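Beneath this line is the structure, given in structure tokens, with notes to follow.
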Amino acid sequence: MDYQEIIDRIYREVQPLTAQGKVADYIPALSSVDRNNLGISVHHIKGEKYGVGQVNIPFSIQSISKVFSFTLAYEAVGEAIWERLGKEPSGTAFNSLVQIEYEHGIPRNPFINAGALVVADIILSNYRYPWREFLDFVRNISNDDTINSNEEVARSEKETGHRNAALAHLMYGFKNIKNPVEEVLDFYFMQCAIEMCAESLSRSFLFLANHGVVPYSGEALLSLSQAKRLNALMLMAGLYNESGDFAYKVGLPGKSGVGGGIVAVFPKNLSICVWSPAINEYGNSVAGIEALKRFTSYTEMSVF
């Protein structure tokens, strides 16, 4: 299959959609990103890679980072992680306080904000140098030592992240946050502010397309069963309140971020990242969703 020809075609077809939606200006440090950017990067587990457009421009990965933090926490505590997290779609907004109150401090899944805060807390409790080890982990799986967190973006999120602070304090009250709330929030904001390009993001998700094993190094990050479960979680809850529609239209496990990135995997084959900064009302890239919809249609690759 000529992946380059396919993504070149998709790039031309969805380019006009970069004019739709809006950049995530509720995080002030992201408001100046050029909405005309569009990049598509594909990595195959056998080593081939393909790209078109702005695949080497770093951008704020935001909630895509939740896949990395969950993987690190899952490595540390195994199945005990489900004592503090659920495995179900949320059914409410990704930053809902009502659901956490109703369900006594146990988040529905790791990808809503409350769940990611619990995951951050688990990392803080189980790693000696939590931030350094997290950043090293992301650099390792993406094979990119230049990756870092943008402190201006993290500071901007902290200044405006009152709902996240409320979630963390509420879960602390339910004893599902163990570390000082400020430390948990600082870690969470720093992880969301990590900057990566589409090429590095696509490469970093290869382990989820390869049964939990990094193809180019042979390192097993997760067991086959754990990788299957993480992919299932992405399929059910990876795109905020648009996850069901994404599964219906695209048919791949994926994770999005309000920085305009979406990464998806086709198990036993490949990973793909699309970046287009303008997002819809659900926080997902308008052009990105359409690009992935066309990719699975043109290649006839989906999990269904």
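By how many nm would the segment from Ser217 to His162 lengthen if fully extended, with 0.36 nm per residue of separation less the alpha-carbon distance?
15.8 nm
What residues from region 149-169 fall in the zone where the backbone N is under 20 Å from a label point 7 Å along the Cα-to-C-beta line of Tyr26?
Counting backbone N atoms under 20 Å from the label point, the list is 153-169.
Using the Cβ atoms and a cut-off under 10 Å, what net charge is assigned to the surroundings of Val250, where Lys and Arg are +1 and Asp and Glu are -1?
Net charge in that neighbourhood comes out at +1.
Mind pulling the angle between the C-alpha long axis of helix 3-14 and the longest principal axis of the chain? Nearest 10 degrees, somewhere in 0 to 90.
80
Note down the nm distance, to one decimal, between modelled labels 7 Å out along Cα→Cβ at Phe304 and at Thr92.
2.8
Please state, rounded to one decimal and in Å, the Kirkwood hydrodynamic radius that the chain gives when every pair of distinct Cα atoms enters the mean of 1/r.
Evaluated over the chain, this radius sits at 18.9 Å.
Can you run phi through the Karplus equation (6.51, -1.76, 1.60; θ = phi - 60°) for region 115-123 and list ³J(HN,Hα) in whole Hz, with x for Gly and Pro?
Running phi through 6.51 cos²θ - 1.76 cosθ + 1.60 with θ = phi - 60° gives x, 5, 5, 5, 4, 4, 4, 5, 4 Hz.
Which order do the peptides 283-296, 142-155 take when ranked by the mean count of other beta-carbon atoms within 10 Å per residue, highest first?
Taking the mean over residues of other Cβ atoms within 10 Å, the ranking is 283-296, 142-155.
So, R0 is 30 Å and r is the distance between the beta-carbons of His169 and Glu79; what FRET efficiency does that work out to, to 0.05? Write down the numbers at each step before the final one.
Values: r = 28 Å, r/R0 = 0.93.
So, using R0 = 30 Å, E works out to roughly 0.60.
Determine, for each peptide in 163-173, 245-255, the mean count of other beta carbons within 10 angstrom over its residues, then list the peptides with the highest first.
With the highest mean Cβ count within 10 Å placed first, the list reads 245-255, 163-173.
What number comes out for the charge environment of Pro215, summing +1 per Lys or Arg and -1 per Asp or Glu over other residues with Cβ under 14 Å away?
That sum, taken over residues with Cβ under 14 Å, equals +2.
State the extension gain, in nm to one decimal, for the chain segment bounded by Glu5 and Glu183, taking 0.36 nm per residue of separation less the distance between their alpha-carbons.
Working: separation 178, 0.36 × 178 = 64.08 nm, distance 4.67 nm.
Between Glu5 and Glu183, full extension yields 59.4 nm more.
Could you tell me which of rounded, prolate or oblate describes region 26-67, using a ≥ b ≥ c as the square roots of the eigenvalues of the alpha-carbon gyration tensor, with rounded for a/c under 1.5 and, failing that, prolate when a/b is larger than b/c and oblate otherwise?
Oblate is the answer for region 26-67, as a/c is 1.5 or above yet b/c matches or exceeds a/b.
If you line up the long axis of helix 130-142 against the longest principal axis of the chain, both from Cα atoms, how many degrees apart are they, to the nearest 10?
The angle comes out near 20 degrees.
How large is the helix-only mean residue ellipticity at 222 nm for the chain, computed as the sum of -39500 (n - 2.57) over DSSP H runs with n ≥ 4, divided by its residue count, in deg cm²/dmol to the nearest 500?
-13500 deg cm²/dmol
May I have the count of lysine pairs in the chain with C-alpha atoms under 14 Å apart, counting pairs 8 or more residues apart or located on different chains?
Working: Lys46/Lys268; Lys66/Lys255; Lys87/Lys228; Lys228/Lys268; Lys249/Lys293.
Total qualifying Lys-Lys pairs in the chain comes to 5.
Using only Cα atoms and rounding to the nearest 10 degrees, what angle (0 to 90) does helix 65-77 make with the longest principal axis of the chain?
With rounding to tens, the tilt is 60 degrees.
Give me the distance in nm between label points sitting 7 Å out from Cα along the Cα-to-Cβ direction at Asn56 and Tyr102, one decimal.
The answer from the label model is 4.9 nm.
Applying a 10 Å radius around every beta-carbon, put 34-47, 106-119 in order of their mean neighbour count, most first.
Ranking, from highest mean packing down: 106-119, 34-47.
So who's got an amide H within less than 5 Å of the one on Ile194, skipping anything under 5 residues away but keeping other chains? H placed 1.01 Å off N, in plane.
Those lying under 5 Å, H to H, from Ile194 are Ile61, Gln62, Asn150.
Where a number appears in this text, it was derived from the coordinates with a stated rule and is not lab data. The model shown is predicted, which means the values in this text are computed figures rather than measured ones. Ideal geometry is used to build each Cβ from the backbone, glycine not excepted, and the neighbour counts take in all protein chains shown.
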